[in-house]
């Protein structure tokens, strides 16, 4: 997969049209652009967009791919800039990791915390499963990570947010007409469950179902939010996911809150207690102000 494929895909997604993207953004021939997009879909292995006379609409897979394509291009630009600076005096680095999908919201906020230091440091960014991020913190590969509260020795955590779990279901499902869904109404539905890889999320869901006295046996178990939402659409099933998964929703899937007790999952910043990085110290000294501002904004919006 080449970076130009990612650039072309982002341009098409932003334009909503192969023709407009070809003529206005990329200055290339539309048939050539269409061929490049078909090549990309062949390499990814799934359709990324639906084509019609009215333009294009991203599939669930395409929406998931778009966020990562943007991030990959950003990281490629950062890599090129790092190479150009290689002959200059070495700057201190700060490695940040994000639970996949969360970088959309939290990467701009995290870099904003360090805005006064950005000219004097190199920032490295990665995304992965929470368990992998915790391992990388443990090994010193990351200075900070936005993740779940994994049980790892020598790691410290600071609370960032409590994410409510919501129900994901097809937009034309009868339960979608409800403003909030009684968990007992999910009995008998096809459940898209969580695998053992996102173990913290799985434990939160299992504990919630046990407290409510509901027995739901998963039809399938996944570890990827975009895949879960795609399966909700294709199997007409339902899923319990953190509210941040709404970033991946296509038009065919909606989310609804749960009635009664709202289960939540902690979203935290993790770091190794032995890390003496002065950049980490600066970051941690400012993160409380950031989370306070976000909490205040959330309360105002409600």
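The values are calculated or read from the model by the stated rules, or taken from the named source; none is laboratory data. Everything numeric in this text was worked out from a predicted model, so none of it was measured. All Cβ positions, even for glycine, are placed from backbone atoms using ideal geometry, and neighbour counts span all protein chains on display.
Summary table
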| item | result |
| --- | --- |
| Residues (touching a strand residue (DSSP E or B) at 6+ places or on another chain (Cβ under 8 Å) and crowded, with 16+ Cβ neighbours inside 10 Å) located in segment 192-214 | 192, 193, 194, 200, 201, 202, 204, 205, 208 |
| Residue 61 vs. criteria touching a helix residue (DSSP H, G or I) at 6+ places or on another chain (Cβ under 9 Å) and either outside the structural domain of residue 108 (by TED's automatic domain parsing) or not in a helix (DSSP H, G or I) (or both) | yes |
| Top-ranked residue in segment 86-99 [being touching a strand residue (DSSP E or B) at 6+ places or on another chain (Cβ under 8 Å) and assigned to a loop (DSSP other than H, G, I, E, B); ranked as modelled with the lowest pLDDT] | 91 |
| Meets criteria (within 21 Å of the chain's Cα centre (by Cα), exposed (fewer than 14 other Cβ atoms within 10 Å of the Cβ) and closer than 30 Å to residue 96 by Cβ) for residue 163 | no |
| Residue in segment 48-57 that is buried (at least 21 other Cβ atoms within 10 Å of the Cβ), part of a loop (DSSP other than H, G, I, E, B) and outside the structural domain of residue 126 (by TED's automatic domain parsing) present | yes |
| Subset of segment 37-55 [under 16 Å from residue 7 (Cα atoms) and in contact with a helix residue (DSSP H, G or I) (Cβ under 6 Å, 6 or more places away or on another chain)] | 40, 48, 49 |
| Strands (runs of 3 or more DSSP E) completely within segment 195-296 that count 1 or more residues being over 28 Å from residue 184 (Cβ atoms) and touching a helix residue (DSSP H, G or I) at 6+ places or on another chain (Cβ under 9 Å) | 264-272 |
| Scan of segment 245-274 for residues that are buried (at least 17 other Cβ atoms within 10 Å of the Cβ) and within 22 Å of residue 95 (Cβ to Cβ), ordered by number | 267, 268, 269, 270, 271, 272 |
| Qualifying residue in segment 74-96 (condition: surrounded by fewer than 17 Cβ atoms within 10 Å (Cβ to Cβ), in contact (Cβ under 8 Å) with a residue 12 or more places away in the chain, touching a helix residue (DSSP H, G or I) at 6+ places or on another chain (Cβ under 7 Å) and under 29 Å from residue 62 (Cβ atoms)) | yes |
| Residue selected from segment 104-123 under the condition touching a residue at least 40 places away in the same chain (Cβ under 8 Å) and over 19 Å from residue 268 (Cβ atoms), by the criterion surrounded by the most Cβ atoms within 10 Å (Cβ to Cβ) | 123 |
| Subset of segment 139-160 (residues that are under 23 Å from residue 195 (Cα atoms) and either in contact with a helix residue (DSSP H, G or I) (Cβ under 8 Å, 6 or more places away or on another chain) or surrounded by 15 or more Cβ atoms within 10 Å (Cβ to Cβ) (or both)) | 145, 146, 147, 148, 149, 150, 152 |
| Single match in 11, 21, 60 (criterion: crowded, with 18+ Cβ neighbours inside 10 Å, at pLDDT 85 or above, touching a strand residue (DSSP E or B) at 6+ places or on another chain (Cβ under 8 Å) and farther than 23 Å from residue 126 by Cβ) | 60 |
| Only one of 82, 69 that is in a helix (DSSP H, G or I) and within 17 Å of residue 120 (Cα to Cα) | 82 |
| Segment 135-176: number of residues that are out of contact with any strand residue (DSSP E or B) (no Cβ under 6 Å at 6 or more places or on another chain), in a loop (DSSP other than H, G, I, E, B) and in the same structural domain as residue 199 (by TED's automatic domain parsing) | 2 |
